[in-house]
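Student: Have a look at this one.
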Amino acid sequence: MNTWTSSAPASTMLLGEHAVVYGEPALVCALDYWLTIRWQPRHDRRLIIHSALAEHDTTLDELTDHPQLRFVLAPLRHYASQLPGLTLTIDSQIPHTMGLGSSAAALAATLIGLQPLLPQSPGRLDQFELGLTLIRQIQGRGSGADLAASLYGGTVLLQPRLPTITPIPFDPEMTLIYSGYKTPTAEVLKQIKQAWDPLPELRDSLYHLMGDTVRQAVKALALDADAQKLFSRLFNTYHGLMDALGVCDLTLAKIVYQVREQGLAAKISGAGLGDCVLALGQIDLPGYHCLPATITEQGAWHDAP
Ligand code: MEV
C-alpha cells in the first residue's frame with residue numbers, strides 16, 4: 001500500500017465554552033492552521049511516530065502511551081487489531097501553547113487518516129462520537145466542540161445532547177490575542193467544578209443563561225443587516241458570563257477592555273485562565289502576540305493511498 005496524508009485544522013470557540021460541557025449549545029469554528037500526518041504502512045507490527053513534540057517507537061500489540069501523543073495513540077489503540085504496522089510523520093503549523101485545539105486537530109487527523117485502513121468508512125458524526133469518547137477517557141471531561149470544528153470545518157453549532165453538528169454560515173474577520181500563558185483545559189474544568197459544587201442551582205442557572213446567549217446569537221445570525229451588531233453584543237455578554245463563572249483574570253480582562261476601547265467586541269475564547277481573547281475584527285494590540293484568525297471552510301481530509 002502506498003503512503004497517504006491526512007490533515008485537520010485548528011479551531012477556536014466563538015461562544016458556548018464551559019456550558020457546552022454540561023449540555024448547552026456552542027458555536028465553534030475551524031481556523032486555517034493545519035496539522036498533517038503522513039501515513040506509511042509497514043510489513044511488521046511496529047508503530048513508529050515522528051513529530052516535533054515527540055518520537056515514539058512501539059508495537060500495535062503493546063501500544064505504549066506517550067504523554068505528548070495521547071490524542072494520536074487513542075484512535076490507533078481503538079482500531080489496533082485491524083491495522084498493519086505504521087510509520088506516522090506528524091507536522092503541525094498549529095501553535096500548541098495557545099489553546100487553538102491542537103489536540104483535537106491531532107485526533108481529527110488521526111480519525112480521518114485511519115479511513116483508508118478500515119473496511120467501512122464511518123460517517124463524520126460517528127467519528128465525532130468515537131473521538132468524544134476518547135477525549136473523555138484521556139482528560140475526564142470535555143465537549144468535543146473543538147473536534148467538531150476540526151472534523152467539519154467552517155463555523156458549526158454543536159448541540160451536545162443529541163448530538164448534532166450544524167454548519168452555520170458565519171465567517172467574520174477575527175483576531176486572537178494571546179495572554180502569554182495557558183492553564184490546561186482539564187485543570188480549568190476541574191477547578192470550576194469544585195468551586196461551584198456548593199452552589200449547584202446557581203451554577204445550573206448560569207450554564208442555562210450561557211446556553212440562552214448562544215441560542216440568541218444563532219438567531220441573530222439568521223437575521224439580516226443588524227445581525228453583526230446584535231451578535232457583537234451577545235459576544236460581549238458571554239464574556240461577562242465567563243467572568244461570573246470564574247475563568248477571567250487580570251491579564252484577560254485588560255486585553256478584553258483594551259480591544260473594546262478600540263470599538264471591537266471581545267471575549268475569552270476557550271477554557272480561560274490563560275489562552276486567548278478573541279476580537280471580532282482586525283486589531284494589533286501592542287505588547288501582545290496577535291494572530292489573524294481566518295476561518296477555513298475545509299474540515300479534516302485525507303488523500304488517496
Ligand atoms: C475549551 O476550549 C472549551 C471548554 O468548553 C471545554 C470543552 O468544551 O471541552 C472549556
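Values in this text are rule-based calculations from the coordinates and carry no lab data. All values derive from a computational prediction rather than experimental measurement. Ideal geometry is used to build each Cβ from the backbone, glycine not excepted, and the neighbour counts take in all protein chains shown.
Student: Leu118 to Arg233: FRET efficiency via 1/(1 + (r/R0)^6), r the Cβ-Cβ distance, R0 35 Å, to the nearest 0.05?
Tutor: Numbers: r = 46 Å, r/R0 = 1.31.
Approximately 0.15, to the nearest 0.05.
Student: Separate question: Under the Kirkwood approximation applied to all pairs of distinct alpha-carbon atoms, what is the hydrodynamic radius of the stretch 65-157 in Å?
Tutor: So the Kirkwood estimate lands at 13.7 Å.
Student: Also, I was wondering about something else. Could you give each residue of the stretch 28-34 its phi-based ³J(HN,Hα) in whole Hz, using Karplus coefficients 6.51, -1.76, 1.60 with θ = phi - 60°, and x for Gly or Pro?
Tutor: 9, 10, 8, 10, 7, 10, 10
Student: I've got another one for you. For a distance above 18 Å, tell me the whole-number percent of Cα pairs in the stretch 157-305 that qualify. Before the final figure, lay out the partial values.
Tutor: Values: 7031 of 11026 pairs.
More than 18 Å apart: 64 percent of the Cα pairs in the stretch 157-305.
Student: Something else now. Apply the Kirkwood formula to the chain: the hydrodynamic radius equals the inverse of the mean of 1/r over all pairs of different alpha-carbon atoms; give it in Å with one decimal. Let's see the in-between values first.
Tutor: Details: mean 1/r = 0.0506 Å⁻¹.
After inverting the mean inverse Cα-Cα distance, the result is 19.7 Å.
Student: Short version: ³J(HN,Hα) in whole Hz for each residue of the stretch 125-135, in order, from phi by Karplus 6.51 cos²θ - 1.76 cosθ + 1.60 (θ = phi - 60°), x for Gly and Pro, what are they?
Tutor: 3J(HN,Hα) across the stretch 125-135, in whole Hz: 5, 5, 5, 4, 5, 5, x, 5, 4, 5, 4.
Student: Check which residues have an amide H placed less than 5 Å from Ile168's amide H, if you skip close sequence neighbours.
Tutor: HN-HN under 5 Å from Ile168: Thr155, Val156, Leu157.
Student: What are the residues whose amide H is under 5 Å from the amide H of Gln298, where those residues sit 5 or more places off or on another chain and H is modelled from the backbone?
Tutor: So Gln298 has HN proximity to Gly154.
Student: If you don't mind, there's one more thing I want to ask. Mean residue ellipticity at 222 nm from the helices of the chain, using -39,500 (n - 2.57) per DSSP H segment of n ≥ 4 over the full residue count, to the nearest 500 deg cm²/dmol? Numbers along the way, then the final one.
Tutor: Numbers: 8 runs with 112 residues, N = 305.
That calculation yields -12000 deg cm²/dmol at 222 nm.
Student: Pairs to check: Lys190/Lys229; Lys182/Lys254; Lys190/Lys219. Give those whose C-alpha atoms are more than 24 Å from each other in this structure.
Tutor: Correct reply: Lys190/Lys229; Lys190/Lys219.
Student: Which one of Gly101, Tyr33, Leu117 has its Cα pushed farthest toward the positive end of the charge dipole of the stretch 4-169, where Lys and Arg give +1 and Asp and Glu give -1 at the Cβ?
Tutor: Ranked along the dipole, the leading option is Leu117.
Student: I'd like the orientation of helix 102-113 relative to the chain: the angle between its Cα long axis and the longest Cα principal axis, in ° from 0 to 90, rounded to 10.
Tutor: Value to nearest ten degrees: 40.
Student: Counting only C-alpha contacts under 8 Å and six or more residues apart, can you give the relative contact order of the stretch 175-292 as a whole percent?
Tutor: Relative contact order of the stretch 175-292: 44 percent.
Student: How large is ³J(HN,Hα), in whole Hz, for each residue of the stretch 193-199 in order, when computed from phi with the Karplus curve 6.51 cos²θ - 1.76 cosθ + 1.60 and θ = phi - 60°, using x for Gly and Pro?
Tutor: Along the stretch 193-199, the couplings run 4, 5, 5, 9, 3, x, 10 Hz.
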